[in-house]
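The values are calculated or read from the model by the stated rules, or taken from the named source; none is laboratory data. Small disclaimer: the values here were computed from a predicted structure and weren't measured. All Cβ positions, glycine included, derive from the backbone under ideal geometry; neighbour counts span all protein chains shown. Heads up: the accessible areas ignore ligands, DNA and RNA and are worked out on the full protein's heavy atoms, side chains in. Shrake-Rupley method; radii C 1.70, N 1.55, O 1.52, S 1.80 Å.
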Amino acid sequence: MSYKNTMKLFASNFTLVWKQLLYLTCVLFFFSVCSYTIATPVLELLKNNGIVEDLKNMFTTVYETPSEFAITFSESVKHFLGILIDNFSSIWLNLIGTVILCVILPFVFIQMSVYNISSILYQKFTMNMNANYAQNAVRTLKHSLRYAFANLILTLPFIAGFVIMIEIYLICATNLWSAIIGMIILMALTIILVSLKISIFTNYTAYMVEN
């Protein structure tokens, strides 16, 4: 009997998790399907210019010559950016659409669900209410949109900082040691940037839900 009750309690407490997983799956699937057509020309361009071979070389380097991975990675990124820059006039609309459908809108919808989950948990902890997932999402739509766009606006400077670090790394990675040391520094700075962003934004959801 105790085992049965334990499993029942486990399943009931995870109901919200399953709903959130279903929501995230639907969001990612929907935007993947929507972005397929507009992203196809960009993917075909990259494929025709050897990006697939670059990726294969990177994976091969990991197993065969790991000491050269940093240089291979640097050359692949330079090749990737070079293709986009050289063909920007013909694919700029596809690039913008791909960024919107593959990055910005999924990010907004995911952050909206974070606010919804936080609101549901707030009601559970403070008033012992079991709010309906969908109904609460509709009821808090205005606030969740504000939260999502605030998070997006805060994220943009960190993305810009990461792009600048990548650019500096590509300029400085001229030999094996500079490539390896640069990659270590790049990973460390990326962790610091992500940690800083999380630290700055960590209490914003709770503040919005409560107030």
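Among the residues of region 166-198, those identified as open to solvent by less than 60 Å² (accessible area, probe 1.4 Å) and without any contact (Cβ under 8 Å) to a residue 24 or more places away in the chain are Ser178, Leu186, Ala188, Ser195. Within region 151-165, is even one residue in contact (Cβ under 8 Å) with a residue 60 or more places away in the chain and either open to solvent by less than 30 Å² (accessible area, probe 1.4 Å) or assigned to a helix (DSSP H, G or I) (or both)? No - not one qualifying residue is present in region 151-165. In the set (1) assigned to a helix (DSSP H, G or I); (2) surrounded by fewer than 16 Cβ atoms within 10 Å (Cβ to Cβ), Asn130 fails one condition alone, (1).
Every residue, every condition in (1) under 20 Å from the mean Cα position of the chain (by Cα); (2) at pLDDT below 85; (3) among the charged types (D, E, K, R), yes or no:
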residue: Phe14; (1), (2), (3): no, yes, no
residue: Trp18; (1), (2), (3): no, no, no
residue: Leu21; (1), (2), (3): yes, no, no
residue: Cys26; (1), (2), (3): yes, no, no
residue: Ser32; (1), (2), (3): yes, no, no
residue: Glu44; (1), (2), (3): no, no, yes
residue: Asp54; (1), (2), (3): no, yes, yes
residue: Ser76; (1), (2), (3): no, yes, no
residue: Gly82; (1), (2), (3): no, no, no
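Please verify whether Val108 is within 30 Å of Val17 (Cα to Cα) and assigned to a helix (DSSP H, G or I), treating the condition exactly as stated. When the stated conditions are applied, Val108 passes them. Checking the stated criteria, Thr37 turns out not to satisfy the condition of being modelled with pLDDT of 85 or more, of a type in the set (Val, Ile, Thr), over 30 Å from Tyr169 (Cα atoms) and open to solvent by 80 Å² or more (accessible area, probe 1.4 Å).
Reported count of residues in region 75-127, each being among the small types (Gly, Ala, Ser) and either in contact (Cβ under 8 Å) with a residue 60 or more places away in the chain or under 15 Å from Phe149 (Cβ atoms) (or both), is 4.
Among the residues of region 135-149, the ones that are under 19 Å from the mean Cα position of the chain (by Cα) and open to solvent by less than 30 Å² (accessible area, probe 1.4 Å) come to 3 in all.
Any residue at all in region 136-144 that's among the polar types (S, T, N, Q), in contact (Cβ under 8 Å) with a residue 40 or more places away in the chain and assigned to a helix (DSSP H, G or I)?
no
Assess whether Met187 counts as being among the aliphatic types (A, V, I, L, M), modelled with pLDDT under 85 and part of a helix (DSSP H, G or I). Criteria not met by Met187.
Evaluating Ile117 against the criteria (1) modelled with pLDDT of 85 or more; (2) not in a helix (DSSP H, G or I) leaves one unmet condition, (2).
For Ile171, the criteria (1) under 20 Å from Ile85 (Cβ atoms); (2) within 22 Å of the chain's Cα centre (by Cα) hold in every case but one, which is (2).
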